Structure formats: C-alpha cells, structure tokens
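Report on the structure given below.
The values are calculated or read from the model by the stated rules, or taken from the named source; none is laboratory data. Not measured: the values here are computed from a predicted model. Cβ atoms come from the backbone with ideal geometry, glycine included; neighbour counts cover every protein chain shown. The accessibility values were calculated without ligands, DNA or RNA, using every heavy atom of the protein model including side chains. Shrake-Rupley method; radii C 1.70, N 1.55, O 1.52, S 1.80 Å.
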Amino acid sequence: MPEVTYKNSDFVLLLNDDAPEIVDVIHKYDAFLSTVCKGEYAFQREAVINVLKFFWSKRYQHISDLARENYDHNSKVKQKFTRAADYLAKFPLKDKKACSLDLATGTGKSFVIYALAQICLAEGLVDKVLVLCPSLTIEEGLKDKFEKLAGDHILKSIIEAAGAVHKNPSIKSSNDPILDGDICVENIHATYERTGSSVEDSFKGKGARVLVINDEAHHIFSPSDNITKKWFDFLQSEDLGFHFIVNLSGTPYIGDEYFYDILYRYSIRDAIEDGVIKKVDYKFEEGLQIEKGFQDSYEYHCKNWEDYGECVKPISIVVTEKISGCVLVWKELVDFIAAKEKITFDEAKKKVIWVASGVPADSTKDGKAIRQIVSKPEKIRKENLQLLKTVDESDNPVEWIVSVSMLTEGWDVKNVFQVIPHENRAFNSKLLIAQVLGRGLRIPENIKGTAKSVFLRVNNHERWSTQIANLYKDVLEIENRLSWGYDPARSEYAFPLYNLSYNPVKTTTETKNKPAADPKTFGFVPQSRSYQSVDKFIESGEYSFEIYTQGLYDIDAAATYLHGYLKQLGKPEIAARWPRVKIKTAITKELKDKGYDATFLSRENYLKLQQAFGPVMRKLHEENPRMSMRSNEIQKVSVEDLPLQSFNEGALKKDGMIFYTSGSGEWLVGDQKVLFLTLTERREGYEKISEALATAGYGSGDIEYLRSNLHPIDEQKFKTPLGIIYVSYSPECQFVKKLYDHAALIDSFIKNPDKSFYTFPYSYKPETTAKTKTRQENFNPDFFLKKGDDIIVVEIKKDGDDSKKNAAKYRDGRRHFEELNKALGVNDIPQRYWFKFLTPVDYDDLFQAVKADKYRGWRSSLMNQL
C-alpha cells in the first residue's frame with residue numbers, strides 16, 4: 001500500500017460558522033479591509049476575516065472546539081492521528097481562543113496585525129491589544145508601520161463612520177501605562193524585564209478583554225530556547241488571564257512539525273505565483289566547469305545592477321557556517337572587489353560588511369584567526385550592525401553582506417537579489433533555506449509593478465545543486481509544473497485584441513476645512529521605455545525578452561494636459577500658479593533627481609502627477625471627490641505578449657484538464673517537455689497500463705485522470721495560438737469540448753489567463769442588503785472567439801449563477817465592449833466585440849446562433865436573468 005503523504009495545507013483548520021452576527025461584523029469593516037489590504041495583498045483580507053469569524057463565533061468557545069470539528073471531518077487528520085486526544089494534544093493553547101496564521105515572509109504580516117487590532121478594538125471585542133515580538137528591531141519596525149496606519153485619515157474616517165467603540169488607537173510600548181483603546185507593541189524580552197511595571201498594572205486581571213498578537217510566533221514553542229519558554233508561560237499566566245491570542249509566522253514549525261492551529265495559510269509558493277515576493281532562481285549547471293573565487297557572483301551582482309539599479313541598490317549576501325569563516329570570506333571578497341574594480345582595499349571594504357551574533361574569545365582558535373584579519377572585531381561587529389539597519393538606503397555604500405548561516409530576524413530588507421551559500425553546511429536544512437530566503441524575498445516598492453520579473457538568484461556551487469534543489473522543492477512546495485502560453489509555431493492563429501485604458505474619475509467622500517498646499521513632489525515611480533527580463537527555470541533553461549512600455553507621454557504634452565486639466569476643473573488661480581513651463585520643469589527635475597529617464601512620462605507617472613494636485617483642487621467645506629474608473633483610449637493587446645502561465649502536475653490528477661495536439665509539446669523544453677511527453681504517452685497507452693494493473697491485482701483509479709483529464713485534439717480543430725489549453729473549472733471544461741466540436745464555425749480562439757493579460761475594472765456591492773459601499777475589482781473574460789472581424793467574448797458561469805457580483809460583471813462588461821466598439825469605429829478599426837455570459841445550458845444554443853450568423857443579438861438564459 002502506498003505511503004500516506006501529507007501537505008501542510010491538509011492541516012489548515014476549516015471554519016463552519018456563518019451566523020448573521022459574524023457576517024455583519026465582517027461586512028461592517030469591508031471598506032477598512034479593502035483599504036488596508038490592497039492590490040496583490042488582498043489575501044491579507046482573507047486572513048483577517050478567518051480570525052474575525054473565529055473570534056465572533058459562539059460555536060467555537062476555544063480552539064479545541066474547532067479542532068474537534070475538523071478531526072471529525074478531515075480524513076488526513078484521522079489518518080495521522082488515530083485518536084482525537086492525540087490530535088488535541090498538539091494544540092498548546094487549546095483552552096483559549098487562540099489560533100495561528102501562516103503568512104510567508106515578505107507578505108505584509110504587519111498590516112494583518114494592525115487590521116486585527118483595530119477591528120477588535122473598534123467593535124469592542126477587547127479593550128486593549130498587546131503585540132509581542134522577539135526583538136527590538138522588529139518592535140521598532142512594527143511601531144513605525146502602526147503609527148503611519150493609525151494616522152491615516154482615510155482609515156480613521158472609515159472607523160469613525162462604523163461607530164467604533166475605540167476609534168483612534170495610540171501606539172505605545174510598555175514604558176507607558178496602557179489605557180483602553182491602546183495598542184502596545186513590545187519585544188518579549190523587555191516584557192519580562194518590566195513585568196512589574198506597566199505590563200503588570202495594565203493587564204493583570206484584565207486579560208479576558210485583551211487581544212494578544214504574537215509576531216514570529218515559532219519562537220514561542222521552540223523546545224530548545226529557555227527564553228522563549230518564558231514567552232509561552234507569559235501567555236499562559238493565570239494572573240493575566242489572556243483569552244484572545246493570534247500567532248503569526250512565516251515558518252510555523254515546532255521542530256519539523258507544522259502548527260496544527262492554522263486558520264489561514266499563504267505560502268511562499270502562493271506568494272511567488274502571485275508576484276507578491278521575488279521568484280527564486282537557483283543555479284543548476286550540471287556538466288559545466290565551476291569558476292573559482294567570486295567571479296560568477298560578481299557578474300550576477302553586476303547583472304542585478306543592470307536590471308534593478310535604476311530603482312534600488314541591489315545587495316548580495318554570502319552565507320557561511322562559522323564566524324571565523326565569515327570574517328575570512330569577507331577579507332577574500334574585499335580583496336577580489338578591490339582588484340576587479342581597481343580600487344584600494346579601504347575603498348572596497350566600504351562595500352562589504354560581515355555580520356555575526358558575536359565574536360569568539362581571544363583565547364580560542366577562531367578568535368585568534370579573526371584577530372589576524374581585523375584588530376578590533378567586536379567594535380567592527382557593532383558598527384556593522386548599525387550599517388545593517390540602513391543597508392537598503394542608497395547613501396549607505398554597502399552592497400555585499402557576509403553573514404553566518406541565518407540573518408538576524410527583523411531585518412526588513414528588500415534589496416537582496418543574490419544569495420551565495422559559500423559552504424554546503426550553511427544551507428543544508430529546510431529551516432536555514434526558509435529563513436535565509438525569507439530575508440531576500442521581499443520586493444522593493446519601486447519595482448513592485450514588475451514583480452513578475454523580479455528574481456532572487458541563489459548562486460550555489462554546482463556540486464550541491466541536486467541536494468539543494470530537493471530542499472527547495474520541499475520549502476517552496478514545488479511540484480512538477482507545465483507551462484502554457486503563446487506558441488510561435490502556431491502564429492497563423494494569432495490575432496490582436498483591443499482594450500480600453502481606464503483613468504480615475506471622481507465621485508464624492510469627506511470634507512476639508514483647510515486649503516491644501518501645492519504639491520512639492522509627485523511620487524514618480526521607476527519608468528523606462530523598455531525592460532529586459534531574464535527568467536531562468538530549472539526545467540526550461542533561460543529565456544530573455546524585452547518588454548516595451550505602452551502609453552508614454554512626451555514631457556511637453558504631459559505639461560499641456562495637466563495645465564488644461566487644472567483649468568478645466570475651474571481652478572484658474574491654481575493653473576496660473578502652475579504654467580506649462582513650471583510643470584515641465586518640475587516633472588523633469590523629479591525624474592532626474594530620482595535617476596529616471598527624463599525624456600518622457602509613463603502613463604502611471606502621469607496619473608500620479610494628476611493625483612498629486614487632487615488635494616489642492618478640493619473645495620473647502622464641501623464633499624471631496626472619490627475615484628472611480630472610466631475608459632479613455634484604445635490599447636492593442638497582442639497574444640504574443642501573453643504572460644507565461646503554469647500549473648502543477650497534481651492539478652491534472654484532480655480537476656484540471658489540458659487540451660493539446662500532436663505538436664503541443666514541441667515548444668516546451670527541459671523537464672517540462674519530458675513531463676508532457678511522459679503524460680501524453682501514458683495517455684495513449686492507457687488501456688495497456690490499465691490491463692497490466694488489473695493483471696497484477698490493482699485497480700486503475702490512480703491513472704484514471706490520464707483518460708478523463710488529458711484530451712488530444714485533431715490538429716485541424718486546434719485553432720489557437722496557444723500551445724496548450726488548460727482549464728480547471730468544470731463549466732469551462734465543458735465549453736472547450738463544445739468549442740472543439742464546433743471548431744469549423746470559428747477562425748481562432750484565445751483562452752484568457754485569470755489575470756495580467758486582457759482585463760478591465762468593474763464594481764459591485766458585496767452580497768448583503770446592508771452594504772452601501774462598492775468594491776472595485778478586475779474582470780478577466782474567459783475566452784475570445786474570432787469569426788472574421790468579430791470577436792465573441794465569452795464569460796463562463798455555472799448554471800443559475802445570477803449573483804450580484806455576476807450581474808455587475810455583466811453590466812460593466814457590456815458597457816465596456818459597447819464603448820470599445822464605438823472607439824474602434826471612430827479609429828477605423830474593423831474589429832467588433834460581442835459579449836456573452838454563458839452557463840452550460842447555453843452552449844449548444846450559442847453555437848447554433850454562430851452557425852446561423854445570429855450570434856450578435858443572441859442572448860443566453862443567464863444574460864436574460866442578469
């Protein structure tokens with residue numbers, strides 16, 4: 001019998017309580033969460049909501065109640081624990097409303113912490129919040145972020161409008177008395193030292209009305225750390241009596257065992273695939289000769305300067321096992337840089353620092369070795385720690401860091417683009433890899449717009465590649481993956497699409513009583529006419545391609561547009577203060593000051609320019625405008641630019657389906673090509689494999705997916721520029737099958753990815769009658785079918801799905817394509833778009849309408865409902 005395998009996701013707890021009072025609380029703070037958890041960080045919202053559901057649920061008085069329910073319904077848990085008591089023993093805080101969140105490093109845990117604290121205070125669930133962390137560095141970082149969030153006037157106005165019990169939390173440490181409505185942030189060590197002062201006075205006997213949030217919570221349960229044992233004892237203190245507890249960690253393990261009280265999980269793999277953190281690009285060069293010294297690492301460092309230097313200062317980290325080795329490697333690296341760049345040793349050492357938690361005593365062998373290289377190592381170590389605090393800043397000269405094994409937790413670095421494990425033992429465990437990678441995975445703010453092409457290169461020695469690759473696959477949860485996207489060999493089926501760009505248009509909101517000052521800066525972000533992106537995959541080798549920026553403004557034109565904008569809105573005195581020449585000078589100056597190309601302005605930076613004048617334009621004592629999206633000009637969308645998509649092999653064994661033809665595997669390379677050919681060959685030999693299994697006394701259930709989920713299509717019917725069609729939603733699977741049955745009726749078709757290709761905004765009110773605020777999201781229609789100059793746009797839904805969200809999609813989608821068709825006519829572009837909302841019951845009728853040339857006015861049953 002095959003060995004049972006477990007994934008961390010198997011043990012995430014599922015909540016089953018949607019009581020009206022819980023739903024009301026969540027909807028009440030919908031606008032707050034949408035403001036805090038924005039864009040690609042929308043997953044933070046789900047993490048917060050899951051905790052709120054648990055806290056407000058009367059069904060679960062303690063975490064043990066939820067655990068028992070999950071034990072009864074989770075087959076994987078029952079397989080691992082034959083007795084419920086054994087499972088419950090894994091919950092160290094089982095008598096409390098205590099839970100954990102698994103959020104990968106670099107995914108914004110601090111925003112989740114603040115959102116939970118603010119909502120629980122505002123709704124009166126608790127009177128105070130205590131946020132604990134393992135170091136002073138983390139404490140300072142959290143306080144800084146919380147103070148900015150607490151001072152945000154938009155968030156304050158939303159909380160006040162919700163009728164908050166505690167409206168404006170003060171951010172304090174345990175040096176000061178903690179009053180009702182306060183958020184206290186403290187490192188756990190200082191809490192022990194001052195337990196007799198404000199912590200004692202502020203929380204003793206009041207713990208039932210306090211929310212405790214623990215950051216980097218894996219320290220709490222570490223069996224080998226006596227200091228962190230005090231942390232656990234503190235949470236368990238009967239004198240304090242804490243009841244509401246949330247633990248956050250990017251590595252929630254006790255030893256090698258995953259936490260069992262996880263309510264929400266957003267893994268490193270999730271974050272990489274969503275572009276929230278950098279992609280890990282580790283070196284795999286089997287058969288190639290290895291260069292000695294730092295030659296290749298230096299080349300990669302220079303490449304990172306080429307790729308990212310306009311936006312940030314790239315940093316490389318060299319990881320060693322011991323402190324003595326750390327200092328020795330530092331010396332070697334400084335010597336190399338001095339020789340390479342033809343500078344003095346003293347000049348080179350400004351670019352490189354070594355970091356360690358301490359220095360061995362003079363009498364030890366390691367201590368003597370270190371002092372042969374540096375005369376006052378402890379003094380230098382402390383100076384380096386100070387430099388480390390500002391290492392991301394451009395005026396800090398440090399570009400290289402040599403560190404012992406793990407970087408200090410709490411160093412919130414974003415500019416690391418290369419990690420070099422100098423010794424195998426410095427990188428030979430899952431914990432080391434997870435924590436070292438975690439320090440370098442954050443994406444700098446200035447280049448978040450290109451997150452899909454931002455990499456953390458791991459330049460490991462070739463002889464360790466196989467070993468490290470296996471560890472990566474565990475840490476990053478990498479399964480065998482297949483890609484799908486544009487196949488140049490199928491260019492005969494390529495066709496252009498047209499979209500509309502959308503700019504903000506203002507509605508209404510708050511009131512201002514004081515005039516705002518003219519903007520001093522515009523907040524421009526990095527811009528370039530083109531970007532060179534290098535994507536290196538273990539399975540497929542290296543790809544290089546250039547991306548050209550669309551929608552550029554000439555500087556003169558941008559100044560003219562803005563001046564006209566100021567006049568158009570009835571602000572002649574502001575327009576007079578900002579003539580075209582002044583606007584042009586200000587634009588050029590900021591671009592040059594930031595080191596950006598000053599010969600043009602990107603669309604994004606023009607909007608930032610316009611928005612910078614928003615506060616000045618607002619009238620006093622009147623409602624200020626709110627932004628909504630409106631279309632303004634045509635954009636061409638080329639299938640050749642469709643971002644490469646991927647799915648894992650495991651998805652095919654569940655609900656995923658692929659449609660392919662005889663040549664589909666030719667555009668894949670490396671391991672992906674091998675995997676695809678293996679799967680398709682097994683699909684062709686399914687009957688023989690099934691017979692062999694039956695002869696051996698086994699069933700064919702484990703290979704049934706080969707027949708049900710892999711669909712070879714005749715080349716004449718495979719009318720798409722995509723190499724493979726992948727779908728994972730049953731109604732979409734049914735539609736693709738029908739599409740191929742009626743392939744003769746169309747010229748070509750494109751399957752639209754879920755994001756980042758053809759998209760436009762829509763707005764809707766969430767599913768509650770009490771909701772007054774609208775939410776804006778992006779709409780990505782499922783398919784584009786080409787028939788002559790007509791494009792039939794298809795959005796697939798399950799039968800009877802007439803939700804408010806779908807009604808909004810249909811309304812805004814219909815408006816979008818009506819406006820697009822008008823714009824195409826004005827520009828003498830013959831293409832026209834016909835938007836269809838379909839459910840499976842409509843598929844045959846649609847293709848009959850296409851066959852009869854009546855599809856333009858045809859409406860599905862769902863369209864009539866909506």
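Answer yes or no as to whether ILE380 is on the phi < 0 side of the Ramachandran plot, of a type in the set (Val, Ile, Thr) and part of a helix (DSSP H, G or I). Spelling it out, ILE380 is indeed on the phi < 0 side of the Ramachandran plot, of a type in the set (Val, Ile, Thr) and part of a helix (DSSP H, G or I). The residue that is modelled with the lowest pLDDT, among those in region 550-576 that are open to solvent by 40 Å² or more (accessible area, probe 1.4 Å) and over 16 Å from ARG618 (Cα atoms), is GLN550. Within region 787-818, restricting attention to residues that are assigned to a loop (DSSP other than H, G, I, E, B) and basic (Lys, Arg), the residue that is nearest to PHE495 (Cα to Cα) is LYS797. Among residues of region 387-401 that are closer than 15 Å to PHE417 by Cα and of a type in the set (Phe, Trp, Tyr), those with a Cβ under 9 angstrom from a residue that is part of a loop (DSSP other than H, G, I, E, B) and modelled with pLDDT of 90 or more, sequence gap 6+ or separate chain, pair up as TRP400/LYS351. If you go through region 45-77 and keep only what is out of contact with any strand residue (DSSP E or B) (no Cβ under 7 Å at 6 or more places or on another chain), β-branched (Val, Ile, Thr) and closer than 29 Å to PHE32 by Cβ, you end up with VAL48, ILE49. Within region 80-89, is there a residue that is surrounded by fewer than 22 Cβ atoms within 10 Å (Cβ to Cβ), under 24 Å from ARG209 (Cα atoms) and of a type outside the set (Ser, Thr, Tyr)? Within region 80-89, none of the residues are surrounded by fewer than 22 Cβ atoms within 10 Å (Cβ to Cβ), under 24 Å from ARG209 (Cα atoms) and of a type outside the set (Ser, Thr, Tyr). SER602 fulfils the conditions (1) hydroxyl-bearing (Ser, Thr, Tyr); (2) within 30 Å of ALA575 (Cα to Cα); (3) open to solvent by 30 Å² or more (accessible area, probe 1.4 Å); (4) at pLDDT 80 or above except for a single criterion, (3). From the list VAL402, VAL413, VAL436, the one residue that fits, being open to solvent by less than 40 Å² (accessible area, probe 1.4 Å), at pLDDT below 85 and either of a type in the set (D, E, K, R) or not in a loop (DSSP other than H, G, I, E, B) (or both), is VAL436.
What residue, among those in region 150-179 that are among the hydrophobic types (A, V, I, L, M, F, W, C) and crowded, with 19+ Cβ neighbours inside 10 Å, is farthest from GLN118 (Cα to Cα)? By that ranking, first place goes to ILE178. Has region 40-48 got any residue that is among the charged types (D, E, K, R), over 30 Å from the mean Cα position of the chain (by Cα) and either closer than 15 Å to ARG265 by Cβ or at pLDDT below 95 (or both)? No: zero hits. Taking region 648-666 as the range and being surrounded by fewer than 19 Cβ atoms within 10 Å (Cβ to Cβ) and either in a strand (DSSP E or B) or touching a Leu at 6+ places or on another chain (Cβ under 6 Å) (or both) as the test, only ASN648 passes. Taking the criterion of being open to solvent by 30 Å² or more (accessible area, probe 1.4 Å) and either within 33 Å of the chain's Cα centre (by Cα) or farther than 20 Å from TYR502 by Cα (or both), the residues of region 811-833 that qualify are ARG811, ARG814, ARG815, GLU819, ASP828, PRO830.
For region 747-761, check the following and say yes or no: at least one residue is open to solvent by 40 Å² or more (accessible area, probe 1.4 Å), more than 31 Å from the chain's Cα centre (by Cα), at pLDDT 85 or above and acidic (Asp, Glu). Within region 747-761 (the criterion being open to solvent by 40 Å² or more (accessible area, probe 1.4 Å), more than 31 Å from the chain's Cα centre (by Cα), at pLDDT 85 or above and acidic (Asp, Glu)), the answer is yes, since at least one residue qualifies. Tallying residues that are of a type in the set (Lys, Arg) and at pLDDT 90 or above within region 160-193 yields 1. Residue count for region 669-685, restricted to those that are modelled with pLDDT of 85 or more and either acidic (Asp, Glu) or not in a helix (DSSP H, G or I) (or both): 3. Mind checking whether some residue in region 2-13 is surrounded by fewer than 19 Cβ atoms within 10 Å (Cβ to Cβ) and modelled with pLDDT of 90 or more? No, region 2-13 contains no residue that is surrounded by fewer than 19 Cβ atoms within 10 Å (Cβ to Cβ) and modelled with pLDDT of 90 or more.
Residues satisfying the criterion are absent from region 275-291 (criterion: out of contact with any helix residue (DSSP H, G or I) (no Cβ under 8 Å at 6 or more places or on another chain), among the basic types (Lys, Arg), open to solvent by 10 Å² or more (accessible area, probe 1.4 Å) and at pLDDT below 75).
Say whether the condition of being farther than 17 Å from LEU121 by Cα and either open to solvent by 50 Å² or more (accessible area, probe 1.4 Å) or of a type in the set (A, V, I, L, M, F, W, C) (or both) is met by at least one residue in region 22-34. Yes: one or more hits. A Cβ distance below 7 Å, combined with a sequence gap of six or more or placement on separate chains, defines the contacts here; from region 266-281, residues that are under 14 Å from ALA42 (Cβ atoms) reach residues that are of a type in the set (Lys, Arg) and surrounded by fewer than 21 Cβ atoms within 10 Å (Cβ to Cβ) in the pairs GLY275/LYS452. Taking first residues from region 647-664 that are among the polar types (S, T, N, Q) and partners that are open to solvent by 10 Å² or more (accessible area, probe 1.4 Å), the Cβ contacts under 6 Å between residues at least 6 apart in sequence or on separate chains come to ASN648/GLU479; ASN648/ARG481; THR661/ILE713; THR661/GLU715.
Scanning region 128-142 for residues being surrounded by 18 or more Cβ atoms within 10 Å (Cβ to Cβ) and of a type in the set (D, E, K, R) gives a total of 2.
Just one residue in the set CYS120, CYS99 is touching a residue at least 60 places away in the same chain (Cβ under 8 Å), in contact with an Asp or Glu (Cβ under 9 Å, 6 or more places away or on another chain) and open to solvent by less than 10 Å² (accessible area, probe 1.4 Å); that residue is CYS99.
I'm told VAL51 meets every condition in (1) at pLDDT 95 or above; (2) surrounded by fewer than 21 Cβ atoms within 10 Å (Cβ to Cβ) except one. Can you identify the failing condition by its number? Going through (1) at pLDDT 95 or above; (2) surrounded by fewer than 21 Cβ atoms within 10 Å (Cβ to Cβ) one by one, VAL51 breaks only (2). Summed over region 841-862, residues that are surrounded by fewer than 17 Cβ atoms within 10 Å (Cβ to Cβ), touching a residue at least 12 places away in the same chain (Cβ under 8 Å) and not in a loop (DSSP other than H, G, I, E, B) total 5. For region 129-165, enumerate the residues that are outside any helix (DSSP H, G or I) and either under 17 Å from ALA217 (Cβ atoms) or touching a Pro at 6+ places or on another chain (Cβ under 9 Å) (or both). Across region 129-165, the qualifying residues are VAL129, LEU130, VAL131, LEU132, CYS133, PRO134, SER135.
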